[in-house]
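Inspection log for the structure reproduced underneath, given as structure tokens.
The values are calculated or read from the model by the stated rules, or taken from the named source; none is laboratory data. What you see is a predicted model, and the numbers here were worked out from it, not measured in a lab. All Cβ positions, even for glycine, are placed from backbone atoms using ideal geometry, and neighbour counts span all protein chains on display. Just the protein is used for accessible areas: all its heavy atoms, side chains included, with ligands, DNA and RNA removed. Shrake-Rupley method; radii C 1.70, N 1.55, O 1.52, S 1.80 Å.
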Amino acid sequence: MRSDRLILLVLTAAVTSSFMPQGARAAESIKCKLEWQAAVDRGAADGYRRFIKLCPASPRVRDARAILVRLAASVAPPAEAPPPIVRRPRPTESVSAPLPPPRIVVPTAPIPPVSADDALNRAVAAYNAKNNADAFRLGTQACNAGKARACNLVGVLFEIGGSVPVNLPRAAQLYKQACDTGWPTGCSNLGTLYDQGRGVLKDQPRAAQLYKQGCDGGSTAACTNLGLLYETGQGVPADIARSAQLYKQGCDGGSAEGCTNLGVLTEFGKGGPVDLTRAAQLYRQGCDGRDAVGCTNLGYLSEVGQGLPINLATSVQLYQRGCDGGVARACNNLGNMNEFGRGVAVNTAAAAQLYAKACDGGYATACTNSGYMNEFGRGIPINLSLAAWQYQRACDRNDARGCNNLGLMNQNGKGVPINLVLAVQFFTKGCVSNYFAACTNQGFMNEFGKGVSINLAEAVRLYRRACDGNNSQGCSNLAVRYEYGGGVTANRQTAIELYRKALRLEPSLQHAKDGLKRLGVTP
């Protein structure tokens with residue numbers, strides 16, 4: 001969620017000015033420079049409030065407060081909120097609730113023969129006690145005696161492994177046996193295998209049929225999974241209204257994931273009006289049911305004050321539950337809270353670990369954040385090679401900031417050899433994804449022939465794109481081109497207007513102040 005810094009080389013042939021006044025340069029630490037650039041690049045109120053908090057002695061605090069007053073006059077967007085993650089429940093043994101992770105316990109004495117009903121009851125009890133070895137032995141006995149629930153239980157054990165090696169085709173056979181003999185959770189679990197193509201050929205229409213059969217039989221997990229197919233239009237025609245009905249049916253029956261997924265629809269107004277208060281209630285139900293995604297989504301609403309009052313300490317707790325439950329975005333958000341001391345004491349070392357964990361979990365923004373921590377030594381020693389690698393991982397997952405930062409490292413030879421051609425490629429990818437600092441950087445490369453042939457017309461196009469995206473330096477660089485000509489016909493009035501826009505976006509931008517001074521205009 002944290003926007004990264006903007007580092008630009010924007011000296012032109014006619015202008016050799018810095019980004020800030022001499023006095024400010026002497027007074028500010030490198031950290032404050034980076035935080036200021038991050039706030040300017042993002043253009044949102046939270047960035048300027050963060051700058052004021054972290055750099056109270058900076059000469060730019062007054063500018064930040066002035067910008068906050070201006071932003072308050074308009075409806076500013078909330079902090080970045082990636083779409084909440086929805087996922088299907090894992091295979092379940094019972095109709096109503098998922099079971100805890102398995103633990104292999106080897107029985108110390110042979111288990112005497114028992115009746116089929118006793119074997120089933122003991123198998124379920126052993127599974128709930130995480131004694132999967134006994135659960136497998138007793139479940140197999142009960143399944144062979146015709147107990148459908150026992151066949152489903154043994155299928156779960158073959159799917160998750162532990163007491164026996166993972167065997168997905170065998171799990172599918174057992175789920176089918178359970179489904180065919182009347183145990184609806186077996187239908188749901190078999191549907192999940194067809195849905196994901198695990199142990200059987202992927203067949204989402206078949207998965208939808210199995211989910212419906214399980215849902216009609218009382219499996220809340222099946223209702224939730226069928227709802228997801230209707231939401232995404234996989235295996236069935238897309239139908240948000242039907243999806244919401246199924247999520248509600250699952251939620252009302254105790255499916256935590258159903259509550260979370262219905263909360264997502266409610267938060268974003270899919271299939272009905274936006275209702276953040278109701279979304280928060282649904283996320284709370286999901287979280288209380290041990291759904292880590294529900295905890296994560298509720299943590300975000302608590303952080304930004306949507307649907308419930310802002311409570312940063314509560315957000316920290318909820319993100320921790322989400323992170324512990326394997327949600328990478330929760331780990332990233334918790335890292336952000338630790339890095340900037342929001343709801344918890346500042347702990348950059350913990351933040352660095354959390355960003356790395358979230359990156360390893362596949363969350364691209366966290367890879368960029370982890371790269372930043374390594375590049376500037378926040379909470380960990382500086383490691384430029386690792387920073388470049390993390391930015392590469394972010395860029396490979398289409399995180400535009402990661403691409404821009406990797407471009408800067410290739411441009412300046414930080415952590416990697418100087419490679420201007422690669423730098424241009426990374427800036428281009430970031431710009432295409434609307435990270436406007438990258439457009440400015442790409443324009444600079446075209447203006448001065450770094451990694452590409454000099455192309456002033458292309459530089460002008462890129463600076464204009466950046467300026468239209470409210471990147472202050474893009475506006476200032478475009479103003480230079482209008483001031484002197486080159487790539488565009490010189491136009492003094494347009495140059496003045498662009499310098500002034502740059503200063504509205506960043507009141508301390510010395511580059512734009514100097515441009516107005518050359519044109520005889522008071523900044």
(request) May I ask you to verify whether Arg342 is part of a loop (DSSP other than H, G, I, E, B) and in contact (Cβ under 8 Å) with a residue 12 or more places away in the chain? (result) yes
(message) When you check Leu246 against the structure, is it in contact with a Phe, Trp or Tyr (Cβ under 9 Å, 6 or more places away or on another chain) and over 30 Å from Gly343 (Cα atoms), yes or no?
(response) yes
(request) Please work out which residue is surrounded by the most Cβ atoms within 10 Å (Cβ to Cβ), limiting yourself to the stretch 503-523 and to residues that are in a loop (DSSP other than H, G, I, E, B) and touching a Ser or Thr at 6+ places or on another chain (Cβ under 9 Å). (result) Glu506
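Considering the stretch 353-371 alone, what residues qualify as being over 12 Å from the mean Cα position of the chain (by Cα) and either open to solvent by 10 Å² or more (accessible area, probe 1.4 Å) or farther than 15 Å from Leu386 by Cα (or both)? If you could, list the steps in order and put the result at the bottom.
Applying the first criterion (over 12 Å from the mean Cα position of the chain (by Cα)) to the stretch 353-371 yields 353-354, 356-357, 360, 370-371.
Passing the criteria: Gln353, Leu354, Ala356, Lys357, Asp360.
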(message) Looking only at the stretch 244-282, filter to residues that are within 17 Å of Thr296 (Cα to Cα) and among the acidic types (Asp, Glu); which one of those is nearest to the chain's Cα centre (by Cα)?
(response) Glu267
(request) Pull up the stretch 491-502, narrow it to residues that are free of Cβ contacts under 8 Å to residues at least 24 places away in the same chain and assigned to a helix (DSSP H, G or I), then point me to the one that is nearest to Glu458 (Cα to Cα). (result) Thr494
(message) On the basis of being over 28 Å from Arg329 (Cα atoms) and more than 19 Å from the chain's Cα centre (by Cα), does Leu408 make the cut?
(response) no
(message) Taking the condition of being without any contact (Cβ under 8 Å) to a residue 60 or more places away in the chain, farther than 19 Å from Leu420 by Cβ and part of a loop (DSSP other than H, G, I, E, B), how many residues in the stretch 436-490 meet it?
(response) 7
(message) Within the stretch 254-274, does at least one residue satisfy the condition of being under 24 Å from Asn152 (Cβ atoms) and open to solvent by 30 Å² or more (accessible area, probe 1.4 Å)?
(response) yes
